[in-house]
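Chemist: To start, I am sharing the structure in question, which I have written as structure tokens.
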Amino acid sequence: MNYRVAFLSPVPFFKGGAERSLFDLMANPKVDPLLIVPAEGPVSEQAASRGIPVEVVDFGQVAAIRRPVRPASVGAAVSDWFGAARRLMAVTKRHGADIVHSNGLKAHCIAGLARKLGGKACVFHVRDIAVRGSERLIWKGLARSSDHTVLVSRACWPGEMLPENVSVVFNGVKRDHEPRTFRAPGADASLTVGICGRIHPFKGHHVALDWLGAAHRRGLKITLLVRGEAEAEDRAYLESLKHQAEALGLKDHVRFEGRFEGLAAIYNGLDAVLVPSETPDPLPRSVMEAMSMGLPVVGYPAGGIVEMIDHRENGWLAGDAEAFCAAMEEISTLGPMLVELQKSAARTVAERFGMERMHRQVNEVYSAVLAR
């Protein structure tokens, strides 16, 4: 018997990895999914194309709440918060859902209130790290108001001990492709390195440009390809990156290529992937995707990245320009060692980030919640 799960998304568009992971959850063969969105858009269109039923629940002013959460914005949204919770209750009752599985802070708040008002059991999927004291309090409050809270990495929990109803379930990635052939360019040839994903200050593109400048001063030949888009509020950051590249004399060595669709296109032509998230990143998909593609990956040692990369076994950790340059030098001369790196990365993907493992662990959460 399948679990009937209503997945509540806080956005109608693909903002980043959270929405892609949402579709991975809905692909669980033990789940009969219903997608609930605040408005129609690309997310609902893709769900409909996959035969997933979709309902719209208007979030009202709740949709306008942004981090850092301010009391004034919450106060302005109270009436709409209750309205959205009641609409969620009506939709889930009509579809006979067993569980509401929410996918973001605003969605958690609505699902949690609906639960308090007598609605369906709720599972919160936390994909963010609490970086402020007020956020740490909110995270702990979320756990108290959910039947179960799932963290995408241990770094997401602001405390030494996990409560009984909180567990870590790493995101999954498909391994339906063969690792690409690495060309091992050699010490005197150019490396093509990519940063793949949303362009946002938290993702550390500015850090990467500083490191690239240091690498070029050291005589390393590296081209950086930035693949991804900036949302409207981050366009100024994107422009600042272009100015930074020019100021560092890197204009001919950095290309901003926009968004790509599909893993093959996203990682095509790269020799390595860089994930320079100086601000702690919960569990960047580009790390596990690069591993699954057989590409060397270099990540900043913060947040969930340290739960993904075992330094010099399945990738590299680099916290400064010196460590980045050292990693690039090693990657450029890997030669036959690449095979061992790929084997280690493949084991990591299978054991930590396999799709079947994620589905199995989430099903265990659903079973425990419904057994109470």
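The values are calculated or read from the model by the stated rules, or taken from the named source; none is laboratory data. Quantities reported herein were computed from a predicted structural model and do not represent experimental measurements. Counting neighbours? That spans all protein chains shown, and the Cβs are built from the backbone with ideal geometry, glycine included. Side chains included, ligands, DNA and RNA excluded: accessible areas come from the protein's heavy atoms. Shrake-Rupley method; radii C 1.70, N 1.55, O 1.52, S 1.80 Å.
Chemist: One residue is enough: does the stretch 10-24 have a residue meeting the conditions of a type in the set (A, V, I, L, M, F, W, C), assigned to a strand (DSSP E or B) and at pLDDT 95 or above? Give the steps one after another, and end with the answer.
Modeler: As a first pass, look at the stretch 10-24 and keep what is of a type in the set (A, V, I, L, M, F, W, C): 11, 13-14, 18, 22-23.
If we keep only those that are assigned to a strand (DSSP E or B) too, we end up with none.
For the stretch 10-24, residues of a type in the set (A, V, I, L, M, F, W, C), assigned to a strand (DSSP E or B) and at pLDDT 95 or above: absent.
Chemist: It is to be established whether one or more residues within the stretch 360-367 are among the hydroxyl-bearing types (Ser, Thr, Tyr) and closer than 28 Å to Leu220 by Cβ. Please lay out each step first, then the result.
Modeler: Just the residues of the stretch 360-367 that are among the hydroxyl-bearing types (Ser, Thr, Tyr), to begin with: 366-367.
Pick out the ones that are also closer than 28 Å to Leu220 by Cβ and you get none.
So far as the stretch 360-367 goes, no, none of its residues is among the hydroxyl-bearing types (Ser, Thr, Tyr) and closer than 28 Å to Leu220 by Cβ.
Chemist: How about the stretch 195-210: which of its residues are hydrophobic (A, V, I, L, M, F, W, C), more than 15 Å from Val297 (Cα to Cα), in contact with a helix residue (DSSP H, G or I) (Cβ under 8 Å, 6 or more places away or on another chain) and outside any loop (DSSP other than H, G, I, E, B)? If you could, list the steps in order and put the result at the bottom.
Modeler: Residues of the stretch 195-210 hydrophobic (A, V, I, L, M, F, W, C): 195-196, 199, 202, 207-209.
Then drop every residue that is not more than 15 Å from Val297 (Cα to Cα), which leaves 199, 202, 207, 209.
Within this subset, residues satisfying the condition of being in contact with a helix residue (DSSP H, G or I) (Cβ under 8 Å, 6 or more places away or on another chain) are 199, 209.
The answer is Leu209, and nothing else.
Chemist: Still on this structure, please answer the following. Out of the stretch 152-172, which residues are touching a residue at least 40 places away in the same chain (Cβ under 8 Å), open to solvent by 30 Å² or more (accessible area, probe 1.4 Å) and assigned to a loop (DSSP other than H, G, I, E, B)?
Modeler: Phe170
Chemist: Criterion first (modelled with pLDDT of 95 or more, of a type in the set (A, V, I, L, M), within 20 Å of Val349 (Cβ to Cβ) and surrounded by 14 or more Cβ atoms within 10 Å (Cβ to Cβ)) does Val193 satisfy it?
Modeler: Values: modelled with pLDDT of 95 or more: yes; of a type in the set (A, V, I, L, M): yes; within 20 Å of Val349 (Cβ to Cβ): no; surrounded by 14 or more Cβ atoms within 10 Å (Cβ to Cβ): yes.
It is false that Val193 is modelled with pLDDT of 95 or more, of a type in the set (A, V, I, L, M), within 20 Å of Val349 (Cβ to Cβ) and surrounded by 14 or more Cβ atoms within 10 Å (Cβ to Cβ).
Chemist: List, please: which pairs have Cβ atoms under 7 Å, are six or more places apart or on different chains, and start with a residue in the stretch 49-64 that is under 17 Å from Leu25 (Cα atoms) and end with one that is open to solvent by 60 Å² or more (accessible area, probe 1.4 Å) and in a helix (DSSP H, G or I)?
Modeler: Pairs found: Val54/Ala48.
Chemist: Among the residues of the stretch 335-358, count how many are more than 13 Å from Val168 (Cα to Cα) and either open to solvent by 80 Å² or more (accessible area, probe 1.4 Å) or within 20 Å of the chain's Cα centre (by Cα) (or both). It would help to see each step written out before you state the result.
Modeler: Narrowing the stretch 335-358 to residues more than 13 Å from Val168 (Cα to Cα): 335-351, 354-356.
Keeping just the survivors that are either open to solvent by 80 Å² or more (accessible area, probe 1.4 Å) or within 20 Å of the chain's Cα centre (by Cα) (or both) gives 336-337, 340, 343, 345-351, 354-356.
Number of matching residues: 14.
Chemist: Still on this model: I'd like the residue in the stretch 131-151 that is of a type outside the set (Gly, Ala, Ser) and assigned to a helix (DSSP H, G or I) and, out of all such residues, is surrounded by the fewest Cβ atoms within 10 Å (Cβ to Cβ).
Modeler: Residues of the stretch 131-151 that are of a type outside the set (Gly, Ala, Ser), as a first pass: 131-132, 135-140, 142, 144, 147-151.
Still in the list and also assigned to a helix (DSSP H, G or I): 135-140, 142, 144.
Working: Glu135: 17, Arg136: 15, Leu137: 13, Ile138: 18, Trp139: 23, Lys140: 16, Leu142: 20, Arg144: 10.
That would be Arg144.
Chemist: Further question: List every residue pair whose Cβ atoms lie under 8 Å apart, where the two residues are 6 or more positions apart in sequence or sit on different chains, the first residue falls within the stretch 347-368 and is more than 12 Å from Val31 (Cα to Cα) and part of a helix (DSSP H, G or I), and the second residue, located anywhere, is at pLDDT 95 or above and among the hydroxyl-bearing types (Ser, Thr, Tyr).
Modeler: Listed pairs, sorted by first residue: Gln361/Ser167; Val365/Ser167.
Chemist: Restricting the search to the stretch 207-223, which residues are touching a residue at least 40 places away in the same chain (Cβ under 8 Å) and within 11 Å of Met328 (Cβ to Cβ)?
Modeler: Those that are touching a residue at least 40 places away in the same chain (Cβ under 8 Å) and within 11 Å of Met328 (Cβ to Cβ): Trp211, Leu212, Ala214, Ala215, Arg218, Leu220, Ile222.
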